[in-house]
Structures are given as C-alpha cells and as structure tokens.
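Here the structure comes first, spelled out in structure tokens, and everything after it is commentary.
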Amino acid sequence: MKFDIGDLAVYPAYGVGRIVAIETKTINDEKQNFYILKVLEDNMVIMIPIKNAESVGLRCLICENEVYKVYELIQNKKETPIDKQTWNRRYRDYMDKIKTGSIFEIAKVFRDLYLRRKTKDLSFGERKLLDTAQNLLVKELSNAKKIDVKTIKEEIESLLLSHHSVVEGCKITPTFQLS
C-alpha cells in the first residue's frame, strides 16, 4: 500500500490523518523512509516507517460503498452478545477490537457499548471506550462520505433506534444527536 502526500489514511486507535510529508531519516546508520501523518482530530503528528506501514495497520479510508456495510452492522442488534463478563474483561476485549483499526470492529464496539448503556451503567473505562469508538467511527465515515460529522452522528443514531433497513436508498431520518 502506497500513500502520497495529501492522502487520507487511518492509523489504528488514532483515526483519520493526512499524509503531510514523506521524509528520509537516518536511524542507526540506516536510511529509512517515513510517512508523516497528521491526525485530523487533534493535529498530532505520527512518523510511520514506510516499510512497517502495513504491519502497524495504516490503511486507506473505507470507500463510500463500505459505509453502508458499517451501517448494516450497527443496525444489526442481533449480533450483540449477551455477555456475563466482568467490566474489565469486556474493556480489554473492546480495546483489542479498537486496536485492530478495522472500522467494522470499531462499529461493533460502538454498537455494543451504546446499546449496553441503554440498559446498564457503563464503567468509567467503558464510557471512555464508547467515546473513543464514536469519534473514530464518525471521523472515518464523515471523510468517506464527504459530509459533516453532525450528519453522520444523526445517521448513526437513527440506525440504532430504527427497526427497518436504511441501506436501500440510504434515506435516514435523524431523531436526536449523539453526545
């Protein structure tokens, strides 16, 4: 996978960023090429060795067609497991999914925690993970669909509240905003 300056990319657990430079640095007398990624959320700059980009999970944004697969996954409440795990075990499982960088795994974490919050109190760690998953999900979907974050949040909220398919034609009626 090759990125050029100006390309958007997703870095696991940090989200969407823009490749702002490609630089060569000498480390231990060895020249290495690096992608310089500026995370859109907080302007953090990450140097990623080009030769390790794939192994650390740097990837392209999902395409617009895949957005609807994410929406289906969020809407599919039947997949949500009824778990009897302790909160810290759930937290580790959710964190492992987020670290994969997969938008689909992040969507599952978001859906499961969002729905769990409706019936039980979340631990502090789970609330933080819900916020993290929401931010990662919303930023990537917003960039993939080229629409604003507020609209994406409204679409996701509608998916979680609806019982009918929204993938056909993608007409989504927002009901209220995510926090």
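The values are calculated or read from the model by the stated rules, or taken from the named source; none is laboratory data. Please read all numbers here as calculations on a predicted model, not as lab measurements. Glycine gets a Cβ as well: all are built from the backbone with ideal geometry, and neighbour counts include every protein chain shown.
Which of the residues spanning segment 137-147 are within 8 Å of the chain's Cα centre (by Cα) and either closer than 14 Å to Arg18 by Cβ or at pLDDT below 95 (or both)? Selection gives Lys139, Glu140. State all residues of segment 29-67 that are surrounded by 12 or more Cβ atoms within 10 Å (Cβ to Cβ), touching a residue at least 40 places away in the same chain (Cβ under 8 Å) and part of a loop (DSSP other than H, G, I, E, B); if no residue qualifies, say none. Passing the criteria: Leu40, Glu41, Ala53, Val56, Gly57, Leu58, Cys60, Leu61, Ile62. Does at least one position in segment 123-131 carry a residue that is more than 13 Å from Tyr94 (Cα to Cα), surrounded by 17 or more Cβ atoms within 10 Å (Cβ to Cβ) and not β-branched (Val, Ile, Thr)? Checking segment 123-131: not a single residue is more than 13 Å from Tyr94 (Cα to Cα), surrounded by 17 or more Cβ atoms within 10 Å (Cβ to Cβ) and not β-branched (Val, Ile, Thr). Has segment 85-98 got at least one residue that is loosely packed, with under 13 Cβ neighbours inside 10 Å, modelled with pLDDT of 95 or more and of a type in the set (S, T, N, Q)? The answer is no; no qualifying residue exists.
Among the conditions (1) modelled with pLDDT under 95; (2) surrounded by fewer than 17 Cβ atoms within 10 Å (Cβ to Cβ); (3) not in a loop (DSSP other than H, G, I, E, B), Glu23 misses just one, which is (1).
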